[in-house]
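The values are calculated or read from the model by the stated rules, or taken from the named source; none is laboratory data. As the structure is a computational prediction, the values presented were derived from the model and not from experiment. Glycine also receives a Cβ, built like all others from the backbone with ideal geometry; neighbour counts cover every protein chain displayed. These accessible areas exclude ligands, DNA and RNA; they are computed on the full protein's heavy atoms, side chains included. Shrake-Rupley method; radii C 1.70, N 1.55, O 1.52, S 1.80 Å.
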Amino acid sequence: MWKVIKQIARGGMPTEPPPAGDALREETQQIQGELLTILGQALTIRQVDAGSCNGCELEIHALANPYYNIEGLGIKFVASPRHADMLLVTGPVSRNMEVALRRTYDATPEPKLVVAVGDCGRDGGIFGEGYATCGGVAQVIPVDVVVPGCPPAPIEILRGILTAVQRGRGG
């Protein structure tokens, strides 16, 4: 707990500044357009919380707001990994979620893409690896792209999704 308090004292409570004009919307639409051009169809994502503090989930939920509007261009979140093209995984993988994450990965059809979101998804973040956590997502399942940040901004998550799709399609 002291690690968390010290991190907050050093860096403060990070928040995303309000969007400046239409630049953010244009960049978001450009990324979405590239995604749909590569895919030629909708992209379905299964989001998995493997033990996070929910900071990354708040930023993922922001992708549905009017500035990012990812659902408006065919990028959808699904409830079942069997219907997903991509897994978006947050948090250090808790020991209790390790088997569930592996099963979710196995249930996702090929070709499957995995994006680890946040510093915790990358390497365990401030929680690290210990008796309660396995560390980062890559300790449990293969990861295609990591989006660093604590938490990363929604535009960075969108860029990570685009990068994963480009790599997955050989782009």
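Worth a mention:
- Against the conditions (1) under 14 Å from the mean Cα position of the chain (by Cα); (2) within 20 Å of Thr163 (Cα to Cα); (3) outside any helix (DSSP H, G or I), Ile60 satisfies every one except (3).
- Residue match in the range 148-162 (condition: open to solvent by less than 20 Å² (accessible area, probe 1.4 Å), within 16 Å of the chain's Cα centre (by Cα) and farther than 19 Å from Ala62 by Cβ): no
- Any hit, the range 99-119, residues being touching a residue at least 60 places away in the same chain (Cβ under 8 Å) and in contact with a Cys (Cβ under 7 Å, 6 or more places away or on another chain): yes
- The range 114-136 - residue that is at pLDDT below 95, of a type in the set (A, V, I, L, M, F, W, C) and touching a strand residue (DSSP E or B) at 6+ places or on another chain (Cβ under 8 Å) and, of those, nearest to Val89 (Cα to Cα): Cys120
- Test: residue in the range 33-42 that is outside any helix (DSSP H, G or I), modelled with pLDDT of 85 or more and out of contact with any Leu (no Cβ under 7 Å at 6 or more places or on another chain): no
- Taking the criterion of being among the charged types (D, E, K, R) and in a loop (DSSP other than H, G, I, E, B), the only residue of the range 123-140 that qualifies is Glu129.
- Residue in the range 59-90 that is farthest from Glu34 (Cα to Cα), counting only those that are surrounded by fewer than 22 Cβ atoms within 10 Å (Cβ to Cβ) and of a type in the set (Ser, Thr, Tyr): Ser80
- Within the range 98-140, the residues that satisfy the criterion of being open to solvent by 10 Å² or more (accessible area, probe 1.4 Å) and within 18 Å of Ile45 (Cβ to Cβ) are Ala100, Arg103, Thr104, Tyr105, Asp106, Ala107, Pro109, Glu110, Pro111, Lys112, Leu113.
- Out of Val143, Val114, Val89, sole residue that is among the β-branched types (Val, Ile, Thr), part of a loop (DSSP other than H, G, I, E, B) and closer than 28 Å to Thr28 by Cβ: Val143
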